[in-house]
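Worksheet for the structure shown next.
Quick note: the coordinates plus some simple rules give every number you see, no bench work behind them. Small disclaimer: the values here were computed from a predicted structure and weren't measured. Don't worry about glycine lacking a Cβ; one is built from the backbone with ideal geometry, like all the others, and counts go over all protein chains shown.
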Amino acid sequence: MARDALIIIDMLNDFVSEDGVLFVGGTVKNIVPEIQKKIAKYREDKRPVLYLCDNHDEDDKEFEMFPKHAVAGTKGAEINKDLRPQPEDVIIPKTRFSCFFNTELADILEEKGIDTVELAGVCTHICVLYTCADARNLGMNVIVDRRCVDTFDRAAHEFALKEMDRTLGAKII
């Protein structure tokens, strides 16, 4: 049984498409092919691929801080066309920064015997960082490939990678 899983975070039109409400920026196009390679390898090895996706109500409290984005049922909340899930993949909606908060993620990982997660997606200093922290707090090993994460703030991106490495003990490759 696979002991590791790939978690793809918020690779949604509102973050990845140029017309997205919270478009990360032009550098996000560089991580898409890298994530595609990871997905292909995980699927080939029959290891789980999970998509964790912002999926907000119209009146979500998060919109007090950020523009309205990834509203359930909208094009912006759809997974980017270049990273479409397959039937064997797991899609989990989320409403907060951490993929673990109020989702079934921890239960699914435990059920599958997963002790290591590899994180990919956006935004490095927000959802990736907080997901890493919660995974580590649950005793999981975490891997983050810097070629597979991005955000709209370069300094915050670098800070988050250092924080995940030095404070949280994630393996940054």
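What FRET efficiency do you get for Glu110 and Lys41 if R0 is 30 Å and r is their Cβ-Cβ distance, rounded to the nearest 0.05?
Using R0 = 30 Å, I get an efficiency of 0.80.
Over 24 Å between Cα atoms, which of Lys81/Lys171; Lys46/Lys81; Lys38/Lys162 qualify?
Lys81/Lys171
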note = Between Asp54 and residues 5 or more places away or on another chain, the pairs with built amide H atoms under 5 Å apart involve Asp10, Lys94
GluC sites (Glu not before Pro) restricted to segment 64-134 and DSSP loop, no more than 13 other C-beta within 10 Å = Glu88, Glu104
request  = Could you give the size of the charge dipole of the chain about its Cα centre, using +1 on the Cβ of each K and R and -1 on the Cβ of each D and E, expressed in debye and rounded to the nearest 20?
outcome  = 700
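Quick check on the chain: helices-only [θ] at 222 nm, where DSSP H runs of length 4 and up contribute -39,500 (n - 2.57) each and the sum goes over total residues. Nearest 500, please.
On the way: 5 runs with 46 residues, N = 173.
About -7500 deg cm²/dmol.
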task = Read through the labelled values [x] 13.9; [y] 9.2; [z] 9.9 and report the label of the one computed as mean projected area of the Cα convex hull in nm² from the structure.
result = [y]
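Quick one: work out the % antiparallel among DSSP beta bridges in the chain, nearest 5.
Numbers: 1 of 25 bridges.
Approximately 5 percent, going by the DSSP bridge assignments.
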